[in-house]
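Read through the structure below, which is laid out as structure tokens, and then see the notes.
Every read-out reported here was derived from the displayed coordinates using simple, explicitly stated rules and does not represent laboratory data. Bear in mind the structure is a predicted one, so any value in this text is a computation, not a measurement. Every residue, glycine as well, gets a Cβ built from its backbone with ideal geometry; the counts of neighbours run over all protein chains shown.
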Amino acid sequence: MCGRASDAIDPTGYGPYEFSHIRIPWRKLYNISPGQEIRIARRVDGAPDHRYVRWGLVPFFAKAEPDQLPVWKFPTFNARSEELEQKASFRHTLKRQRCLVLINGFYEWTGEKGHKTPHYVFLPDYRPFALAGLWDRWTSKDGALELVSCTVLTRAAGDFVRALHSREPVILPEDRYDAWLDEGNANWQRVLKGGDEPPLQEYVVSGYLNRRGAEGPECILEERTRGN
DNA sequence: CCAGACGTTGTT
DNA sequence: GTCTGG
DNA sequence: CCAGACGTTGTT
DNA sequence: GTCTGG
């Protein structure tokens, strides 16, 4: 899965996009959920772009009431990387609408419903990294309304995350950012695979994360049960 | 032809 | 059970 | 992703 | 918009 993320470390200076050389005001966020805005880097007609978009891809063909944004009722905040070409909601974005979803950690849950335990998954020093994503742009017929949105690709969990869940987001190493964003690169499947496992770390955080509107450093405080 | 779907994760 | 809001 | 709502008439 | 099912 990957249905909750943080973007809480200033990205300045990280990565070839400098996360990115097109600067936008960065929002320090510890608890980003589907439906909210998340930060991406992409190319639009070849030109680099860096912005916030809705997390949960709304296809360009979605229907909407007059003067309203569309309501897309299928969960599209994740897309299975193995089946992209068979999915009407994502297929059309593969050629020219790839993006990097820029975060510095994500959450995974263990346990039964009603007793869900959130875990925080991140890299050494909480450093920022990029997930493979796809974006789309919906516009109203009269062109007055626009909705740019994205999805995070998932894959079978690797050795580390497998202890928590069966699926995980596709993490791109820096040396693959350009290959993923390159429209000319039809061999996108290879870009998503291979490479070393990133040196992920993980710990349990408190149930504070599950509260509506939870935000701030408390979201990633390591839970210490009993003493310590 | 028209109508309806278009999805994920984690399930019983 | 299913949808909405965060 | 999880948590919380899920409703009407007629109102303080 | 495009595909599938009837």
Of the criteria (1) more than 17 Å from the chain's Cα centre (by Cα); (2) among the small types (G, A, S); (3) more than 14 Å from DNA strand E (Cβ to nearest atom), which one A:A64 fails
(3)
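Could you list, in sequence order, the residues of the range A:92-101 that are out of contact with any Leu (no Cβ under 8 Å at 6 or more places or on another chain) and not in a loop (DSSP other than H, G, I, E, B)? Break it down stepwise before answering.
Narrowing the range A:92-101 to residues out of contact with any Leu (no Cβ under 8 Å at 6 or more places or on another chain): A:92, A:95-96.
Within the range A:92-101, A:H92 is the sole residue that qualifies.
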Specify the residue that is farthest from DNA strand B (Cβ to nearest atom); the eligible residues are those in the range A:38-56 that are in contact with an Asp or Glu (Cβ under 8 Å, 6 or more places away or on another chain) and of a type in the set (A, V, I, L, M, F, W, C).
A:A41
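Output the residue which, of all residues in the range A:92-113 that are more than 17 Å from A:W138 (Cβ to Cβ) and away from DNA strand C (no atom under 16 Å from the Cβ), is surrounded by the fewest Cβ atoms within 10 Å (Cβ to Cβ).
Keep residues of the range A:92-113 that are more than 17 Å from A:W138 (Cβ to Cβ), which gives A:94-95, A:98, A:100-113.
Still in the list and also away from DNA strand C (no atom under 16 Å from the Cβ): A:94-95, A:98, A:100, A:102, A:104, A:110-111.
Values: A:L94: 16, A:K95: 12, A:R98: 23, A:L100: 25, A:L102: 25, A:N104: 23, A:T110: 13, A:G111: 9.
Looking at residues that are more than 17 Å from A:W138 (Cβ to Cβ) and away from DNA strand C (no atom under 16 Å from the Cβ), I get A:G111.
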Can you tell me which of A:S89, A:S140 is among the small types (G, A, S) and within 18 Å of the chain's Cα centre (by Cα)?
A:S89
Subset of the range A:43-68, residues closer than 19 Å to A:L181 by Cα and either aromatic (F, W, Y) or touching a helix residue (DSSP H, G or I) at 6+ places or on another chain (Cβ under 6 Å) (or both), comes to A:R43, A:Y52, A:W55
